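Trainee: Structure below; questions to follow.
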Amino acid sequence: MPDDVVRFCFDVDGDDFSSAGAASVEVKKRLRQLGISPEVIRRVAIAMYEGEINMVIHADGGKALVEVTPDEVRMTLEDHGPGIADVELAMQEGYSTARENIRSLGFGAGMGLPNMKKYTDTMHIDTEVGRGTTVVMTVKI
Amino acid sequence: MKIREISEKLCADIVCGEDQLDCEVFTACSSDMMSDVLAFVKDQAVLLTGLVNPQVIRTAEMMDMRCIVFVRKKVPTEEMKCLAEEAGIVLMKTQMRMFEACGILYEAGLKGHVEDGVCDA
């Protein structure tokens, strides 16, 4: 039901690594205001944060849509980056294509996508090389 | 253990969050890789790290942590301090190295809760 859905939209800035995660911080605040349980909020926040970092590292930013229904929190992260050539490989823990400068910032350990899957109930990746990637994740409330 | 005791044992200077030094914490973790903190950490209240950038604060915030200890004489930036103040996270800095700082806190009773059998550095 449209009336039962609360939506938040965010632009994720791809130019500035230091601002990455700002949308996730905001989502966390808003979910708290909605009275969502701390455990659900943490799972959403971590998955969203990893997704946000990925968009900044790999895709020059993108858009994030968070929808809260009575049953679940649904995150849709859409970018127009290079796409993922081999999703199965990208899902392997430790596999990373991040540059060395990203590793020096504490990321790029190849845990992003596996982590997003781990903290959510469902995750679907729609990607095409040269076109971009959309990741849809849900966490049950 | 109170956060105040952590600062005393590590001879650490408080950067921000003075009003929260009486908060009790029971577990800690240490890593310079925020990816690993996000992947393997659960319910730790204290993060020890030698990494200095705003993502350290955001990572701690996502994990609901209460305190970050910067080791090896690392100094958090003003931007990090502002983010930590907004998130209600105590920042402190010590001259100690990671291993030494972890050992002292572990010996003093602070434990590391390990998930999936994997531990941090």
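Trainee: Please work out the Cα center distance from segment A:55-91 to segment B:39-110, rounded to the nearest Å.
Mentor: 28
Trainee: Provide a whole-number value for the mean count of partner chain Cβ atoms within 10 Å of the Cβ atoms in peptide A:14-24.
Mentor: Mean partner shielding for this stretch: 3.
Trainee: A further question follows. Which three numbers, in whole Å and largest first, are the semi-axes of the equivalent ellipsoid of segment B:1-60 derived from its Cα gyration tensor as √(5λ)?
Mentor: Equivalent ellipsoid semi-axes, largest first: 20, 13, 10 Å.
Trainee: Can you give the Rg/Rh ratio of segment A:36-141, where Rg is from the C-alpha atoms and Rh is the Kirkwood radius?
Mentor: 0.96
Trainee: Relative to the Cα centre, what is the charge dipole magnitude of segment A:47-141, using +1 at the beta carbon of each Lys and Arg, -1 at the beta carbon of each Asp and Glu, and rounding to the nearest 20 debye?
Mentor: That gives a dipole near 180 debye.
Trainee: Would you mind checking the tilt of helix A:38-59 against the longest principal axis of the Cα atoms of chain A, expressed as 0 to 90 degrees and rounded to 10?
Mentor: The angle comes out at about 30 degrees.
Trainee: With 18 Å as the limit, write out which pairs from A:LYS29/A:LYS117; B:LYS42/B:LYS111; B:LYS42/B:LYS73; B:LYS9/B:LYS93; B:LYS2/B:LYS81; A:LYS29/B:LYS93 have Cα-Cα distances beyond it, or answer none.
Mentor: Among A:LYS29/A:LYS117; B:LYS42/B:LYS111; B:LYS42/B:LYS73; B:LYS9/B:LYS93; B:LYS2/B:LYS81; A:LYS29/B:LYS93, the Cα-Cα distance tops 18 Å for A:LYS29/A:LYS117; B:LYS42/B:LYS73; B:LYS2/B:LYS81; A:LYS29/B:LYS93.
Trainee: About its Cα centre, how strong a charge dipole does segment A:93-141 have in debye, to the nearest 20, once Lys and Arg get +1 and Asp and Glu get -1 at the Cβ?
Mentor: For segment A:93-141, the charge dipole is close to 100 debye.
Trainee: With unit charges on the beta carbon (Lys/Arg positive, Asp/Glu negative), name the residue among B:SER35, B:GLY103, B:ILE57 whose Cα is farthest towards the positive pole of the charge dipole of chain B.
Mentor: Comparing the listed Cα positions along the dipole, B:GLY103 ranks first.
Trainee: Still on this model: Using only atoms on other chains, find how many Cβ atoms lie within 10 Å of each Cβ of peptide B:49-58 and report the average.
Mentor: Across the residues of B:49-58, the mean count of other-chain Cβ atoms within 10 Å is 5.
Trainee: When DSSP beta bridges are limited to those with both residues in chain B, what percentage is antiparallel, rounded to the nearest 5?
Mentor: 25
Trainee: Would you work out which of A:VAL40, B:MET92, A:MET75 lies farthest towards the positive end of the dipole of the protein assembly as shown, given +1 charges on the beta-carbon of Lys and Arg and -1 on that of Asp and Glu, about the Cα centre?
Mentor: Among A:VAL40, B:MET92, A:MET75, the one farthest towards the positive end of the dipole of the protein assembly as shown is B:MET92.
Trainee: What FRET efficiency would be calculated for the residue pair B:ILE104, A:ARG32, taking the C-beta separation as r and a Förster radius of 22 Å, to the nearest 0.05?
Mentor: The value I calculate is 0.05.
Trainee: From the residues A:LEU31, A:PRO114, A:GLY14, which one has its Cα farthest along the dipole of segment A:2-140 in the positive direction, the dipole being from +1 and -1 charges on Cβ of Lys/Arg and Asp/Glu about the Cα centre?
Mentor: A:LEU31
FYI, it's all coordinate maths here, none of it is from the lab. Everything numeric in this text was worked out from a predicted model, so none of it was measured. All Cβ positions, glycine included, derive from the backbone under ideal geometry; neighbour counts span all protein chains shown.
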